[in-house]
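What follows is a short report on a single structure.
The values are calculated or read from the model by the stated rules, or taken from the named source; none is laboratory data. Given the structure is predicted, the values throughout are model-derived calculations rather than measurements. Positions of Cβ are generated from backbone atoms using ideal geometry, with glycine treated the same way; all protein chains shown enter the neighbour counts.
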Amino acid sequence: MLGFLIRRIIQSVFVMLAVALIAFMMFRFMGDPVNSMVAENATTEERDAVRARLGLDQPLWMQYGRFVGRAAQGDFGLSWRNARPVSTLLAERFPATAELVLVAAGLSLLLGIPLGILTALRPNSFSAQTLQFLSLIGISLPTFVTGILLILVFSVWLGWLPSFGRGEVVDIGWWSTGFLTLSGLKALVLPSVMLCLFQLTLIMRLVRAEMMEVLRTDYIKFARARGLPSRSINFRHALRNTLIPVITIFGLQLGGLIAFAIITETVFQWPGMGALFIQAVSFGDVPVMAAYLVLVSLIFVVINTTVDLLYAVLDPRLRVDSPRGAH
Amino acid sequence: MTAPTLSRAFDSDIAWSFRHSWTARISSLLLIILFAAALFAPMLANQNPYDISQLNLLDSELPPAWAEGGDPRYLLGTDQQARDVYSSILYGLRLSLLVGFASVALAAAVGISLGLLGGFVGGLVDGAIMRVADILLSFPAILVALLVNGIARGILPPDRHAEAAIWVLILAIGLTNWVQYARTVRGSTMVERQKEYVQAARINGVSGMGIMINHILPNVLGPVLVIATINLGMAVLTEATLSFLGVGMPATQPSLGTLIRIGNEYLFSGIWWVVIFPSVVLVVLVLAVNLMGDWLRDVLNPKLR
């Protein structure tokens, strides 16, 4: 177990170093920053002085080392677009994205698992068939089209829910939350529904497939033969083994939610990190892009590592220290 | 094709399965219609939406022909700038499919080459390619595409963005999607490498490059067709998403995604037709491609059934 833990953490560190290298290379791609910092008629000596002051005369690997060192402290320099520290920009935007993703993830689990169980236990019922069909549509619809349809129906035609922004937010320290006001909660509904729909259908289909698989196994048949009540078989014996793969997929998809939040935030003008990232992409604002990339990768890596460890805790068969190929 | 081959083709498993699968028939029919519409767009369209001189501002914001206040000349209505929605969709479909096919071709070319190389050479080269693939695969495709897009925009001067947009998109989407091809081709290359015909070629003195291209490549291409079909749906969707986010095709040269973005801006004035019709076409296109891909996978890979 400890060996597994250490190996996973070393692997994660390598992934993060690779991502940092990509982020670092992005700066190198964007031409020579010295040109924009000195006067046009500057002499070679003046240019060299600026270069030395910025540390650009050092070998590449030293520059990379310095970049990693600063990134580890959250320092990504100033945004090229509005000259504010990138870390401040991201910190301002982070709560909005985090709340949106958390609500969407919660919704997809709370609805997806019961619906999946329902369709697995009664696969031929009318409601199960309808749900299966709806989930097919849910997977095929582009997320932004879903969002537009939600706005058209619930904001434009019915006028029930707001279609942009976070509503009123309450500041708790540096964290601004929309959970505490009515308008904040109302503003959360449509974006989180849009963000969770794809996830929801995925979890529902996964739970259904896993559950049907488990229900066919011998130990379930044996439990039936022992005359256990079907409620106990379905929920105590079958569901437990169903949920293990669901945890993995859910963990991986949580990262996907953060990426897809970019689209949701654009559709609903949600003031989160994704909207910031899109602005950075369209203006070629490298520091913001690099910082977002590193931050999101860090979240991904932490989630993936946690899921792997959780997996080992939940499934006793994986606890034996086996070589990587074995699982 | 001679008559016996033709009749044999009609008698094959694939043809049988095609005749007995209504999803395959409906989706192929839809695809034929959409491809034809894109191909013959200039003939089918009522106006060239790129040509400002053909637009008449008096006709702006007209609803579809069947709705109240609609004009029979504009079947699906017009947008804010009096562009005919039906014609814009035809031209937009053209661009969406063009970017889709080109990026699939790029992804397939990169993926097949790297997979073939990794599988045949093995060792460090293989390890390096597969580690890059692993890292790429652990990020959502849309994020990778956005990053490539952002870097390309940073390199290009701003006044060139509009004309280079289509190339940037093809590059971004193509470089995002090669991993699946590489993995599949690498797997089958490693199997083929052991076989006797490869050894025979080696004994005959064929170079490594020659063996890879002339002997192994034809034998590992089978699954690529299925991946490419499914990939096409993904590529069209990614293009639409990027254009919708405002970092894809510019408003002067709208693809389906750009049309949806433009329509979205006018949603609150109650002009629903500008956004709904391109969305419907996009959804139908992606759905038909995906169903076709699913069907192909089932037919060509009986093991997966």
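Observations on the model:
- Filter result (more than 10 Å from chain B (Cβ to nearest Cβ) and in contact with a Gly (Cβ under 6 Å, 6 or more places away or on another chain)) within region A:293-305: A:I303
- Any pair with Cβ under 7 angstrom, 6 or more apart, that starts in region B:128-139 at a residue that is more than 9 Å from chain A (Cβ to nearest Cβ) and ends at one that is crowded, with 16+ Cβ neighbours inside 10 Å and of a type in the set (K, R): B:A133/B:R183
- Residues of region B:169-199 that turn out to be part of a loop (DSSP other than H, G, I, E, B) and within 15 Å of B:A108 (Cα to Cα), as a count: 1
- Qualifying residue in region B:207-214 (condition: outside any helix (DSSP H, G or I) and more than 19 Å from B:R183 (Cα to Cα)): yes
- The set of residues in region B:236-257 that are farther than 12 Å from B:A172 by Cα, of a type in the set (V, I, T) and more than 8 Å from chain A (Cβ to nearest Cβ) comprises B:V236, B:T252.
- Here the condition is being more than 10 Å from every other protein chain (Cβ to nearest Cβ), hydroxyl-bearing (S, T, Y) and more than 22 Å from the chain's Cα centre (by Cα); of B:T184, B:T176, B:T189, it holds for B:T189 alone.
- Taken across region B:127-135, residues that are among the acidic types (D, E), more than 21 Å from B:L97 (Cα to Cα) and in a helix (DSSP H, G or I) do occur, with at least one present.
- Condition met for B:L117 (assigned to a helix (DSSP H, G or I), among the aliphatic types (A, V, I, L, M) and in contact with a Leu (Cβ under 7 Å, 6 or more places away or on another chain)): no
- Total residues in region A:131-141 satisfying the condition of being small (G, A, S) and at the interface with chain B (Cβ under 8 Å from one of its Cβ atoms): the figure is 1.
- Residue in region A:142-163 that is away from chain B (no Cβ under 14 Å) and either over 28 Å from A:I262 (Cβ atoms) or of a type in the set (D, E, K, R) (or both) present: no
- So B:I271, is it part of a loop (DSSP other than H, G, I, E, B), among the β-branched types (V, I, T) and surrounded by fewer than 23 Cβ atoms within 10 Å (Cβ to Cβ): yes
- Residue check, B:I52 away from every other protein chain (no Cβ under 13 Å), modelled with pLDDT under 85 and over 19 Å from the mean Cα position of the chain (by Cα): yes
- The residue list A:R226, A:R216, A:R205, A:R231 contains one member that is within 23 Å of A:I249 (Cβ to Cβ), surrounded by fewer than 12 Cβ atoms within 10 Å (Cβ to Cβ) and in the same structural domain as A:V246 (by TED's automatic domain parsing), which is A:R216.
- Candidate set: region B:118-141, residues that are modelled with pLDDT of 85 or more and crowded, with 20+ Cβ neighbours inside 10 Å; chosen: the one farthest from B:V247 (Cα to Cα): B:F120
- Sole residue being under 15 Å from A:L110 (Cα atoms) and assigned by TED's automatic domain parsing to the domain that holds A:S108, chosen from A:L195, A:L182, A:L188: A:L195
- Only listed residue being modelled with pLDDT of 75 or more and either over 30 Å from B:G154 (Cβ atoms) or buried (at least 19 other Cβ atoms within 10 Å of the Cβ) (or both), chosen from A:L78, A:L111, A:L136, A:L180: A:L111
- For A:G65, the conditions (1) in the same structural domain as A:L195 (by TED's automatic domain parsing); (2) modelled with pLDDT of 80 or more are fulfilled apart from (1).
- Number of residues in region A:28-52 that are part of a helix (DSSP H, G or I) and either at pLDDT 75 or above or more than 14 Å from every other protein chain (Cβ to nearest Cβ) (or both) equals 11.
- Residue in region A:69-87 that is of a type in the set (A, V, I, L, M), touching a Ser or Thr at 6+ places or on another chain (Cβ under 6 Å) and in a helix (DSSP H, G or I) present: yes
- Unique residue being in a helix (DSSP H, G or I), facing chain B (nearest Cβ under 7 Å), touching a residue at least 24 places away in the same chain (Cβ under 8 Å) and aliphatic (A, V, I, L, M) when the list is A:A290, A:A259: A:A259
- Residue-level analysis places A:Q279 outside the set of residues that are within 14 Å of chain B (Cβ to nearest Cβ), surrounded by fewer than 22 Cβ atoms within 10 Å (Cβ to Cβ), touching a helix residue (DSSP H, G or I) at 6+ places or on another chain (Cβ under 9 Å) and not in a helix (DSSP H, G or I).
- The condition of being of a type in the set (V, I, T), within 14 Å of chain A (Cβ to nearest Cβ), surrounded by fewer than 24 Cβ atoms within 10 Å (Cβ to Cβ) and touching a residue at least 24 places away in the same chain (Cβ under 8 Å) holds for only one of B:V110, B:V144, that being B:V144.
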